[in-house]
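What follows is a set of notes on a single structure, which appears directly below.
Bear in mind that the values in this text are calculations on the coordinates, not laboratory data. Owing to the predicted nature of the structure, the values given are computational and were not obtained by experimental measurement. Cβ: placed from backbone, ideal geometry, glycine included. Neighbour counts: every protein chain shown.
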Amino acid sequence: MPLFTVEERLAMMEKTLKGYDRVSCEVFEGLLVEHVKEKKGIAIIRGLRAVSDFEYELQMALMNRRLLSEIETAFMMPSEEYSYLTATIIKEIASLGGCVKGLVPLPVERALKEKFKLMKGKNC
């Protein structure tokens, strides 16, 4: 079960991306490729942190291509300083009162502090 509701995650993304005029955040149900087509998109951008991500992401990209061949998938790599991060690691650090400053956007850091109420008063 996710730590944050869909509504909470959407709010964090909107706060993080505020100021980027050409970026929007949306919630949808169903197949991603169908949503991309409905929005007249041409590509899906996915991130690959490590080799362990590659197999799953390749399977998804190939299935998406089979479902809707006109939608391309592009992969991007993070900078080395973030390649080891996962949501699981971030949640564990925050739940134990650790500092996640600089590892997540400020709206996410604040939401984690509020969710766990352990980091109040601690300096990062």
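Between Asp21 and Arg66, the contour length at 0.36 nm per residue exceeds the alpha carbon distance by 13.0 nm.
Peptides 37-43, 7-13: what's the order by average Cβ count within 10 Å, highest mean first?
With the highest mean Cβ count within 10 Å placed first, the list reads 7-13, 37-43.
For the Cα atoms of the chain, what angle does the longest principal axis make with the long axis of helix 6-17, in degrees from 0 to 90, nearest 10? Rounded to the nearest ten degrees, it is 90.
Computed over the stretch 20-100, relative contact order equals 30 percent, with contacts defined as Cα pairs under 8 Å that lie 6+ residues apart. Across every pair of non-identical alpha carbons in the stretch 42-81, the mean reciprocal distance, once inverted, gives a Kirkwood radius of 10.7 Å.
With helices as the sole contributors, the chain gives -13500 deg cm²/dmol at 222 nm; each DSSP H run of n ≥ 4 counts as -39500 (n - 2.57), and the sum is divided by every residue. Take every pair of alpha-carbon atoms less than 8 Å apart whose residues are at least six positions apart; their mean separation over the length of the stretch 42-81 yields a relative contact order of 62 percent. So how tilted is helix 51-67 from the main axis of the chain? Cα-based, degrees 0 to 90, rounded to 10. Here the helix axis deviates by roughly 40 degrees. Compared with the direct C-alpha span, the chain from Ile89 to Val6 gains 27.9 nm at full extension, assuming 0.36 nm per residue.
Summarising the amide proton neighbourhood of Ile44: residues at separation of 5 or more, or on other chains, whose placed amide H is nearer than 5 Å comprise Glu72, Thr73, Ala74.
The chymotrypsin sites (Phe, Trp or Tyr not before Pro) of the stretch 54-124 that DSSP puts in a loop, and whose beta carbon has at most 10 other beta carbons within 10 Å, are Tyr84.
What list of ³J(HN,Hα) couplings, whole Hz, do you get for the stretch 20-36 from phi and the Karplus terms 6.51, -1.76, 1.60, once you set θ to phi - 60° and write x for glycine and proline? In residue order, the calculated couplings are 8, 4, 9, 10, 10, 10, 9, 10, 8, 10, x, 7, 4, 4, 5, 5, 4 Hz. The candidate values are (1) 2, 9, 14, 16, 15, 12, 10, 10, 6, 3, 1, 0; (2) 2, 11, 24, 26, 22, 12, 3, 0; (3) 2, 9, 15, 17, 20, 18, 11, 5, 3, 1, 0; the one derived from this structure for P(r) over Cα pairs in 5 Å bins from 0, in percent carries the label (3). What angle do you read, to the nearest 10 degrees and between 0 and 90, between the alpha-carbon axis of helix 106-116 and the longest principal axis of the chain? Once rounded, the angle reads 60 degrees.
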